[in-house]
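> Once you've had a glance at the structure underneath, I'll fire off some questions.
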Amino acid sequence: MVKGVGAGVLSMATGMRMLIDAGYTIDDAQAEIERIQARSFDAAARLADATGDNAAVRAYLGLPEADRDVPGAPPIAAIAHDE
């Protein structure tokens, strides 16, 4: 099951259902999936690379929306040029 989810041939929901069917005590499968995703930084990085959508990445990790009033960081080239 772990290899199937890791290889992308089983969804996390199917894997969770298989664990429950095997007798593992999981009270809330959706909450368990959300807890796993909240620590899946590699998967979140792949999502960011694939979509460029920071809001989707934050939602995947279970984070609140970004504060729109916080200014973005200047590009690295701009910092290096100013020095």
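> Six or more apart or on different chains, Cβ atoms under 7 Å: show the pairs whose first residue is in the stretch 34-61 and without any contact (Cβ under 8 Å) to a residue 60 or more places away in the chain and among the hydrophobic types (A, V, I, L, M, F, W, C) and whose second is surrounded by fewer than 15 Cβ atoms within 10 Å (Cβ to Cβ) and not in a helix (DSSP H, G or I).
A38/G62; A55/E65; L61/A38
> Evaluate the stretch 39-59: report whether one residue or more is polar (S, T, N, Q), over 18 Å from M1 (Cα atoms) and within 17 Å of the chain's Cα centre (by Cα). Spell out the reasoning first.
First, pick out the residues of the stretch 39-59 that are polar (S, T, N, Q): 40, 51, 54.
If we keep only those that are over 18 Å from M1 (Cα atoms) as well, we get 51, 54.
Then drop every residue that is not within 17 Å of the chain's Cα centre (by Cα), which leaves 51, 54.
Yes - at least one qualifying residue is present in the stretch 39-59.
> From the set of residues in the stretch 12-33 that are of a type in the set (D, E, K, R) and not in a helix (DSSP H, G or I), which is surrounded by the most Cβ atoms within 10 Å (Cβ to Cβ)?
If we filter the stretch 12-33 for residues that are of a type in the set (D, E, K, R), which is where we start, we get 17, 21, 27-28, 32.
The next check asks that each one be not in a helix (DSSP H, G or I); those that pass are 27-28.
Values: D27: 7, D28: 10.
Here the residue is D28.
> Then there's this: What number of residues in the stretch 51-65 are closer than 22 Å to R35 by Cα and exposed (fewer than 11 other Cβ atoms within 10 Å of the Cβ)?
Total meeting the criteria: 2.
> Out of V5, V9, V57, which single residue is in a helix (DSSP H, G or I) and at pLDDT below 85? Give the steps one after another, and end with the answer.
Details: V9 fails: in a helix (DSSP H, G or I); V57 fails: at pLDDT below 85.
Sole residue among the options that is in a helix (DSSP H, G or I) and at pLDDT below 85: V5.
The values are calculated or read from the model by the stated rules, or taken from the named source; none is laboratory data. Fair warning: this is a prediction, and the values are worked out from it, not measured in the lab. We place every Cβ from the backbone using ideal geometry, glycine too, and count neighbours over all the protein chains shown.
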